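One structure is given below, encoded as structure tokens.
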Amino acid sequence: MEPLYYSLMGFWKGVSVCVCLCVSEGGGEEELIESVRSSALNTDGEVELDAIIMDGRTLASGAVSCVKNIANPVSLARAVMEKTAHIMLTGRGANMFAESIGIVTVPTETLVTEYEMKEWEKHKNYVTGVMEDFNSQAHDTVGAVAVDCAGNVACATSTGGIRNKMVGRVGDSPIIGSGGYADNFTGAVSCTGHGESILKVTLARLILSHIEQGKIPFNAVLHYMLVIVVYLFGNINEII
């Protein structure tokens, strides 16, 4: 999780020193690459990354999806938020934007671990049938939320998706209100788990809406975890 916090540190500079103090200074390229190493591979054996970052003070947000060869997709999402008039860039366009602002790309092999390659070989001919090949170990999502001493909140979520996903598949992680949401008036949420199930209920924003109605966070989270498990047969790993 440290690489993601490192990216959040840059996001919070100039807003509050409290969050900066909670994050150790330093962190080089190797550490940033580690944030997306072991990403799940798609059906072509490639790494496609999604990420979102959101500022609860202004509701500003940036997201990227299906990007390749980027060591830290959260940093790219932040650049979309700060340097463009858009909220999300995807695929080739996102990579072109990264190149235009000098974000360094890395070789594909540096993002692929031996373990994930073995899993890809094992499942590349897998026929899903009734149930897809998904479990709590078949995705690689990481998330973080932060609050400073002024009460400003932020969230960030980054993922390589689920193992053996179709090329071009986008899950919940980069979608505002699903993979993450931040609003100073209510709080910040980052979700990980089965993206398609999370998308169906826009989970992050839904949890905050229940908190707005007076429910305590634990009860709001528990309610929708049960909804997804019982009604959608999905999987939720963590909500923070």
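Taken together, the values in this text are just the output of simple stated rules run on the coordinates, not laboratory data. Just so it is clear, the model here is predicted, and its values are computed rather than measured. Note: ideal-geometry Cβ built from the backbone for every residue, glycine included; neighbour counts use all protein chains shown.
Details
- Between the amide H of Gly56 and those of Val153, Ala154, Cys155, distances stay under 5 Å, these residues lying 5 or more places away or on another chain, with hydrogens modeled in the peptide plane.
- In nm, spacing of pseudo-spin labels at Cys149 and Ile216 (7 Å Cα→C-beta vector): 2.9 nm
- Within the shell of other residues whose beta carbon sits under 12 angstrom from the beta carbon of Pro174, the net charge comes to -2, with Lys and Arg scored +1 and Asp and Glu -1.
- Segment Leu59-Lys83, length gained on full extension (0.36 nm per residue, minus Cα span): 7.1 nm
- Nearby lysines by direct alpha-carbon distance to Lys200 (threshold 17 angstrom, same-chain neighbours under 8 apart not counted): none
- Theoretical gain in end-to-end length, Glu99 to Leu226 [0.36 nm per residue, Cα-Cα removed]: 41.5 nm
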